[in-house]
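The values are calculated or read from the model by the stated rules, or taken from the named source; none is laboratory data. What you see is a predicted model; the values in this text were computed from it and never measured. Please note: Cβ atoms are built from the backbone with ideal geometry, for glycine as well, and neighbour counts cover all protein chains shown. These area figures cover heavy atoms from the full protein model, side chains too; ligands, DNA and RNA do not enter into them. Shrake-Rupley method; radii C 1.70, N 1.55, O 1.52, S 1.80 Å.
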Amino acid sequence: MRIGLYPGTFDPITLGHTDIIKRACALVDRLVIGVAINRDKGPLFDLEERVAMVEAECAGLGDETGTEIIIHPFENLLIDCAHDVGAQIIVRGLRAVADFEYEYQMVGMNRAMDSSVETVFLMAEARYQSIASKLVKEIARLRGDVSCFVPEAVEAALLEKLR
Ligand code: ADP
């Protein structure tokens, strides 16, 4: 059974994330979406809110893709989280060159800790590639329209949070 772990902060989940989740589902039998607690990053949405939004956006996707989807909050090392959930594959999304340097180091260091866990990079559809949660939050804070970057329910949650 192929188990993939797709980790992130998901603060909040965007159409970039959901695109990567759908693509990842085509590669594995079970996809664990690891929602990082990330207190240091000072998330806008608390862990429960982020998990609930990821859950809502993934509901139905399992049936659609035939892949089992599990949402798993985690606070430990990514490689330990991969062991905890039995993942042989870590899925990451790649956007521009800016992501590359960080991801390059992560792969190197994770591989040094456990070379049996493979990291796989996926790219979202072109229109979703530039989306970043951080920028979505900035746009929403300045009362911009984020409807083409996030699912409808997330847009509503952002408006409510920033009211
Ligand atoms: P962000 O970097 O937007 O704050 P996360 O930390 O939640 O988001 O990212 C989780 C993973 O999803 C990372 O591998 C990140 O590169 C990827 N990702 C986020 N947005 C996109 C996107 N628009 N296209 C492809 N991958 C993405």
Check your understanding: Applying the selection to the range 11-37, what residues are within 7 Å of the ligand (Cβ to nearest atom) and part of a helix (DSSP H, G or I)?
Key -> GLY16, HIS17, ASP19, ILE20
Check your understanding: If you scan the range 102-117, which residues turn out to be open to solvent by 90 Å² or more (accessible area, probe 1.4 Å) and within 12 Å of the ligand (Cβ to nearest atom)?
Key -> TYR102
**Study point:** Selection within the range 118-141 - free of Cβ contacts under 8 Å to residues at least 24 places away in the same chain, within 17 Å of PHE45 (Cα to Cα) and open to solvent by 30 Å² or more (accessible area, probe 1.4 Å)
**Key:** LYS134, LEU135, GLU138, ILE139, ARG141
Check your understanding: Can you find a residue in the range 44-56 that is among the β-branched types (Val, Ile, Thr) and closer than 23 Å to TYR128 by Cα?
Key -> yes
Check your understanding: How about the range 142-155: which of its residues are free of Cβ contacts under 8 Å to residues at least 40 places away in the same chain and either in contact with a strand residue (DSSP E or B) (Cβ under 7 Å, 6 or more places away or on another chain) or open to solvent by less than 60 Å² (accessible area, probe 1.4 Å) (or both)?
Key -> GLY144, VAL146, SER147, GLU155
Check your understanding: What number of residues within the range 133-155 satisfy the criterion of being assigned to a loop (DSSP other than H, G, I, E, B), aliphatic (A, V, I, L, M) and away from the ligand (no atom under 12 Å from the Cβ)?
Key -> 2
Exercise for review: Name the one entry in GLU49, GLU75 that is touching a residue at least 24 places away in the same chain (Cβ under 8 Å) and either open to solvent by less than 40 Å² (accessible area, probe 1.4 Å) or more than 23 Å from ASN110 (Cβ to Cβ) (or both).
Suggested key: GLU49
Exercise for review: Kindly indicate the residue of the range 52-71 that is at pLDDT 95 or above and touching an Asp or Glu at 6+ places or on another chain (Cβ under 8 Å) and also most open to solvent (accessible area, probe 1.4 Å) among those meeting that condition.
Suggested key: GLU68
Review point. Taking the range 84-101 on its own, how many of its residues are acidic (Asp, Glu), more than 10 Å from the ligand (Cβ to nearest atom) and in contact with a strand residue (DSSP E or B) (Cβ under 9 Å, 6 or more places away or on another chain)?
Key: 1
